[in-house]
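The values are calculated or read from the model by the stated rules, or taken from the named source; none is laboratory data. For clarity, every value in this text was computed on a predicted model and none was experimentally measured. Please note: Cβ atoms are built from the backbone with ideal geometry, for glycine as well, and neighbour counts cover all protein chains shown.
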Amino acid sequence: MKSLISPSLMCADFLHLGDELKKLEENGIEYLHIDIMDGEFVPNYTLGIDFIKKLKAATKIPLDVHMMVTRPENKLDWIPFGEGDYVSVHYEASVHLHRALSMIHARGGKTMLALNPGTPLSVIEEVLPELDAILVMTVNPGFAGQKLVPSTLDKIRRLRKYLDENGYGHVEIECDGNVSFENAKKMREAGANIFVAGTSSIYAKDGSFEDNIKKLRAAIR
Ligand code: DX5
Ligand code: ZN
């Protein structure tokens, strides 16, 4: 499965977002990761609806919207995603998970089920046929700049094996949180193929933006 990069825009330099977007396009970046936090499911606020609208008008790079909100099924109608965009909802946040996933597909979006580090893989069973991807959170969601929860590497490995052995080889695995150059390599080896790039890689303070993109590409080759 091809490795893809999804930069976490909450880590972007908002004073120079236009320039950064151009560089992401020039470097063939595959997705734009947009964190929506509601101050309830996670203890923080981040990006919102109007930002996504402007972003969609400014670029053709598909979105990877990460909804860290309670009851996503009640809020999906607000999100301006379209054909080919990924939308992830958290297992822990949804009361009507099947309905939420159906709503994403009904609008031409791609479904991704997000799992916190403490959530077991077994919860995916009933909705597997509805999934295009699974997001294995490799830190507890809410903040950039955290340290990897080490057990999540083996979780990715077990998930990839389970998917491949049960007829779901097409389901992608995204990892989000402390995807450093070093960790990205391990995540790739474990079977992830979509990498959320934040302060640990392309938005790291040392190294230029473009060099960091190249370095991350090399790590997940
Ligand atoms: C979480 C977000 C960010 C992202 C930041 O949902 O998408 O926290 O992981 O990357 P790092 O962890 O490298 O700062
Ligand atoms: Zn995220």
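Would you point out the residue of the stretch 120-154, among those that are away from ligand 1 (no atom under 16 Å from the Cβ) and either within 16 Å of the chain's Cα centre (by Cα) or modelled with pLDDT under 95 (or both), that is surrounded by the fewest Cβ atoms within 10 Å (Cβ to Cβ)? Before the answer, list the steps.
In the first step, residues of the stretch 120-154 are kept if they are away from ligand 1 (no atom under 16 Å from the Cβ); the result is 120-132, 151, 154.
Imposing the further condition that a residue be either within 16 Å of the chain's Cα centre (by Cα) or modelled with pLDDT under 95 (or both) reduces the set to 131-132.
Details: 131: 19, 132: 17.
Among residues in the stretch 120-154 that are away from ligand 1 (no atom under 16 Å from the Cβ) and either within 16 Å of the chain's Cα centre (by Cα) or modelled with pLDDT under 95 (or both), the one surrounded by the fewest Cβ atoms within 10 Å (Cβ to Cβ) is 132.
Does residue 108 meet the test of being in contact with a Phe, Trp or Tyr (Cβ under 9 Å, 6 or more places away or on another chain) and at positive phi? Break it down stepwise before answering.
Working: in contact with a Phe, Trp or Tyr (Cβ under 9 Å, 6 or more places away or on another chain): yes; at positive phi: yes.
Judged against the criteria, residue 108 is a match.
So which helices (runs of 4 or more DSSP H) are wholly in the stretch 96-200 and hold at least 1 residues that are among the β-branched types (Val, Ile, Thr) and over 19 Å from residue 3 (Cβ atoms)?
Correct list: 97-106.
Kindly indicate whether any position in the stretch 85-94 is more than 17 Å from the chain's Cα centre (by Cα), surrounded by fewer than 20 Cβ atoms within 10 Å (Cβ to Cβ) and more than 14 Å from ligand 2 (Cβ to nearest atom). Can you show your working first?
Restricting attention to the stretch 85-94, the residues satisfying the condition of being more than 17 Å from the chain's Cα centre (by Cα) are 94.
Now narrow it down to the ones that are surrounded by fewer than 20 Cβ atoms within 10 Å (Cβ to Cβ): none.
Taking every residue of the stretch 85-94 in turn, none turns out to be more than 17 Å from the chain's Cα centre (by Cα), surrounded by fewer than 20 Cβ atoms within 10 Å (Cβ to Cβ) and more than 14 Å from ligand 2 (Cβ to nearest atom).
Step by step: first the residues of the stretch 27-59, then only those that are of a type in the set (Lys, Arg) and touching a residue at least 12 places away in the same chain (Cβ under 8 Å), then the one that is surrounded by the most Cβ atoms within 10 Å (Cβ to Cβ). Which residue is that?
The qualifying residue surrounded by the most Cβ atoms within 10 Å (Cβ to Cβ) is 56.
Go through the stretch 1-50 and count every residue that is touching a helix residue (DSSP H, G or I) at 6+ places or on another chain (Cβ under 7 Å) and within 15 Å of residue 143 (Cα to Cα).
8
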